[in-house]
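These notes are about the structure you will find just below.
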Amino acid sequence: MAARPAPLVLPAGGSLRGRVTVPGDKSISHRSLLFGAIAEGTTHIEGLLPAEDPLSTAACLRAMGVAVSAISAGQPVTVEGVGLDGLREPADVLDCGNSGTTMRLMLGLLAGREGRHFVLNGDASLRSRPMGRVGDPLAQMGAVIHGRQGGNLAPLAVQGQPLHGSVIGTPVASAQVKSALLLAALTAEGPTTVIEPAPTRDHSERMLRAFGADLEVGGDLGRFITVRPGPALRGQTVVVPGDISSAAFWLVAAAITPGADLTVENVGLNPSRTGILDVLAAMGARLSVLHARDVAGEPVGDLRVQHGPLRAFRIKEAMIPRLVDEIPVLAVAACCAEGVSRISGAAELRVKETDRLAVMARQLTLMGARLEEHADGLSIEGPTPLHGAEVDSETDHRVAMSLAVASLVARGDTRLGRPEAAAVSYPGFWDDLARLRH
Ligand code: S3P
């Protein structure tokens, strides 16, 4: 067996100052590639996230005959669309890597490709994540998907079928599930209405409309989405804002580190994603939104955060979709806040890249955190002085970066195992951390 690489040493002490631009939004990056692929004409993408997850989406699309230009930091990307029905049957397994968004949205994209066969697979984490939440509603539209555990676990085989429109209540509040169904609906026979149990991020709705889809959003806070198949999608120019889920690490880092003053530039501020700003405001964080503007259909702004005293917070189920990926780093913030912070209704975190409730509880406890893990959340007592320890990302990108944030306020050095996980969503994180530390 190959020896595991040495852990990354995160030294204690110092503060954070300066400006940082986080890489492109992961959700918007996936969607721009996928929608560009099935549009007619060329899609130009500025600011696409050059990280492992979108690379998985691009590789799958290339394997089906879509020309996607090379993806590298700072370079615009072009996608030569093949039209709604132009995807070729791939000669090999489609590898979705670590990316749940890739696999779930691909299921929706491919289910209706009549006469074509597809096999989707991924890494060990992805092979353990539930896919029935997409496969079951797609079956209601006529999809045929086989896999382990009755079609719930990858590897998954999709036998393309003619799909029929349907009215579908999604089983969980998940933008991935919703987006898979919207993709399938584009080529189904007749309209499809998707009803969400709670509103989730609406990047697909915004972008599909811009690409020319016939899409209607109604109900309380946009919970009913109806797609009428027919119109061809047209290639667009997409400008991807910085990912608020990546900005979250700097927002919390600055809020908890004595003397810190950071400005995160060009962050996407879609209201379906800004739950972390509400929580930080409720904690009393010194946070301001600067230069709020609209860029290509998505709200964007710069965020300045300075260190200051923090109060404990409460996060309940209704808020989870607006900050689902930020809970690990908010758990770190809770260790530095006065009082007991409680997170509930967050059982979804157990089926992310890792079981994030268990992993954060385990790793933060090693650093001296006082917390309790519940079936659907965490209670965290603060302020608790953290100390350096031997910790591990357990292969989860958001855990790796959250523990790096915790190390900033720990007494003594922290040694982090498997830091390379950060490259799934933020390959430049360690360089940015080194640059911002003073
Ligand atoms: C995503 C939606 C969220 C989020 C994931 C990306 C998306 O997952 O956790 O990182 O791009 O739609 P769920 O929709 O399954 O909650």
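Contact annotation: residue pairs with Cβ atoms under 7 Å, 6 or more positions apart or on different chains, pairing a residue in region 335-359 that is under 15 Å from Ser402 (Cα atoms) with a partner that is polar (S, T, N, Q) and modelled with pLDDT of 95 or more, are Cys335/Thr384; Glu353/Asn98; Glu353/Ser125; Thr354/Ser125; Thr354/Thr395. Taken over region 1-51, residues that are of a type outside the set (A, V, I, L, M, F, W, C) and closer than 15 Å to Val77 by Cα amount to 16. Counting only strands (runs of 3 or more DSSP E) that fall entirely inside region 136-252 and contain at least 1 residues that are open to solvent by 10 Å² or more (accessible area, probe 1.4 Å), touching a residue at least 40 places away in the same chain (Cβ under 8 Å) and under 22 Å from Thr102 (Cβ atoms), the qualifying elements are 153-159, 237-239.
I need the full set of residues from region 72-103 which are in contact with a strand residue (DSSP E or B) (Cβ under 7 Å, 6 or more places away or on another chain) and either away from the ligand (no atom under 16 Å from the Cβ) or open to solvent by 40 Å² or more (accessible area, probe 1.4 Å) (or both), in order please. Across region 72-103, the qualifying residues are Pro76, Val77, Thr78, Val79, Glu80, Gly81, Gly83, Glu89, Pro90, Val93, Leu94, Asp95. Which one is nearest to Ser99 (Cα to Cα) among residues in region 381-419 that are among the β-branched types (Val, Ile, Thr) and part of a strand (DSSP E or B)? It comes out as Val391. Could you please give the count of residues in region 174-193 that are closer than 20 Å to Ile145 by Cα and more than 7 Å from the ligand (Cβ to nearest atom)? Of the residues in that region, 12 qualify.
Within region 329-356, the set of residues being closer than 24 Å to Leu386 by Cα and either assigned to a helix (DSSP H, G or I) or polar (S, T, N, Q) (or both) comprises Val329, Leu330, Ala331, Val332, Ala333, Ala334, Cys335, Ser341, Ser344, Leu349, Thr354, Arg356.
For region 11-59, taking the residues that are buried (at least 23 other Cβ atoms within 10 Å of the Cβ) and of a type in the set (S, T, N, Q), the one that is farthest from the ligand (Cβ to nearest atom) is identified as Thr43.
Can you find, within region 104-131, the residue that is surrounded by the fewest Cβ atoms within 10 Å (Cβ to Cβ) among those that are under 21 Å from Val227 (Cβ atoms) and within 15 Å of the ligand (Cβ to nearest atom)? For region 104-131, the residue satisfying everything is Leu109.
Would you be able to say whether some residue in region 315-323 is closer than 17 Å to Arg273 by Cα, part of a strand (DSSP E or B), modelled with pLDDT of 95 or more and away from the ligand (no atom under 13 Å from the Cβ)? For region 315-323, residues closer than 17 Å to Arg273 by Cα, part of a strand (DSSP E or B), modelled with pLDDT of 95 or more and away from the ligand (no atom under 13 Å from the Cβ): present. Residues that are under 16 Å from Leu357 (Cβ atoms), more than 14 Å from the ligand (Cβ to nearest atom) and open to solvent by 10 Å² or more (accessible area, probe 1.4 Å) within region 324-346 comprise Arg342, Ser344, listed in sequence order.
The values are calculated or read from the model by the stated rules, or taken from the named source; none is laboratory data. The structure presented is a predicted model; accordingly, all values stated were derived computationally and were not measured. Note that each Cβ is placed from the backbone with ideal geometry, even for glycine, and that neighbours are counted across all protein chains shown. Note: accessible area is taken over every heavy atom of the protein model, side chains too, but ligands, DNA and RNA are not part of it. Shrake-Rupley method; radii C 1.70, N 1.55, O 1.52, S 1.80 Å.
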